[in-house]
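Worksheet: the structure to be examined is printed underneath.
The values are calculated or read from the model by the stated rules, or taken from the named source; none is laboratory data. For clarity, every value in this text was computed on a predicted model and none was experimentally measured. Please note: Cβ atoms are built from the backbone with ideal geometry, for glycine as well, and neighbour counts cover all protein chains shown. Surface areas here come from the heavy atoms of the whole protein model, side chains and all, with no ligands, DNA or RNA. Shrake-Rupley method; radii C 1.70, N 1.55, O 1.52, S 1.80 Å.
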Amino acid sequence: MKFAAVLNRDGGTLRTTDLAAFSDRMRQTLETAGHTLDIDIVDGRDVVEALDRVAARRGIDVVLAGGGDGTISAAAARLMGKKKALAILPAGTMNLFARGLGIPQTLDTALQSFADGEIIPVDIATANGTPFVHQFSIGMHARMVQLRQKMEFGSRLGKIRASARAAWATINNPPAMNVTLSIGEAEMAARISGIGVTNNLFGEGHLPYADNPSGGVLGVYVTVAQERAHLIKFIFNVARGKWRDNEHVEIHQANKTVLKIHSASRGFRAVVDGELVKLDRETTIEIQPGALNVLVPTRVAQAKAA
């Protein structure tokens, strides 16, 4: 296969990686397996332009994307509905979409798995037409990300520590939003502290990612918890992957959901695949079954086919 790699030197763990040495290992691994590889190492501000170029190029089989959540989400958006496949280098903090695809969690082992990997179709979701691979969320998560962005950190561990501080600050001052949520034929009105809409339902007993990336449904997670003790328990359970036993989370699934914001404040934001975005007063979120081709380890493709 012909690979085209876009590496964001400012994204995730690539900021502290010797990219010249890693590029040499990339070439050796893939070319030894009979593939060809072009590598484009770019600054963060140039990632979207680079992804646009490789997505439009003819003769490319796989776009190999490396960076943080924003890089992977941007790559997936450009490949949605196309024949080209996305291969994800796990260079983010949690790499949740990559985990759901069964991709090894170090750069070199992931690369080795791509050398004899297989392409499979998986789902992607859209929020008002904008694609996302993991989650659209409002409320607590958005406030946590806003607070974390004001903190300084230079490593994965630093980002985790900043996230913990932001979570504690949010617990002590949780948001409250009046919303209407339409799920299928049902409509619910509530004052919520958080809503997450995910590309397939999260699995149990691990970090929040989908066990089945081809499940064909949105996961809709709603919490109205406001008391500190309830919020601490909620976040602790989320971290452990205890969704079904989490009394402060209401779980739904749907092909489509419509979220309407009724609160007066204009300062609310949403988080889409880890990136803060403006929150529209009305957002239509839909699952797009099988709309993204991805390169995964052979064992994952074989398990899916079994």
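Okay, residues lined up against (1) farther than 24 Å from residue 166 by Cβ; (2) out of contact with any Leu (no Cβ under 8 Å at 6 or more places or on another chain); (3) free of Cβ contacts under 8 Å to residues at least 40 places away in the same chain:
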site: 224; (1), (2), (3): no, yes, yes
site: 237; (1), (2), (3): no, yes, yes
site: 262; (1), (2), (3): yes, yes, no
site: 273; (1), (2), (3): no, yes, no
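In summary, residue 50 fulfils each of the numbered conditions (1) touching a Leu at 6+ places or on another chain (Cβ under 7 Å); (2) of a type in the set (A, V, I, L, M); (3) crowded, with 18+ Cβ neighbours inside 10 Å with the single exception of condition (1). When segment 202-236 is filtered for residues that are open to solvent by less than 40 Å² (accessible area, probe 1.4 Å) and aliphatic (A, V, I, L, M), the ones remaining, listed by number, are 210, 217, 218, 220, 222, 225, 231. Just one of (1) at pLDDT below 95; (2) open to solvent by less than 20 Å² (accessible area, probe 1.4 Å) fails for residue 187. It is (2). Of the residues making up segment 1-32, those that are among the aliphatic types (A, V, I, L, M), within 27 Å of residue 80 (Cβ to Cβ) and open to solvent by less than 50 Å² (accessible area, probe 1.4 Å) are 4, 5, 6, 7, 14, 26, 30.
Criterion applied to 93, 71 was being surrounded by fewer than 21 Cβ atoms within 10 Å (Cβ to Cβ), within 20 Å of residue 207 (Cβ to Cβ) and of a type in the set (Val, Ile, Thr), and the one residue passing it is 93. Among the residues of segment 140-150, those identified as more than 20 Å from residue 73 (Cβ to Cβ) and surrounded by 14 or more Cβ atoms within 10 Å (Cβ to Cβ) are 140, 143, 147. Would you pick out the residues in segment 237-271 that are open to solvent by less than 20 Å² (accessible area, probe 1.4 Å), part of a strand (DSSP E or B) and farther than 16 Å from residue 210 by Cα? Residues satisfying the conditions are 257, 259, 261, 270, 271.
Would you point out the residue of segment 272-304, among those that are in contact with a strand residue (DSSP E or B) (Cβ under 6 Å, 6 or more places away or on another chain), on the phi < 0 side of the Ramachandran plot and part of a loop (DSSP other than H, G, I, E, B), that is surrounded by the fewest Cβ atoms within 10 Å (Cβ to Cβ)? The extreme case among them is 281.
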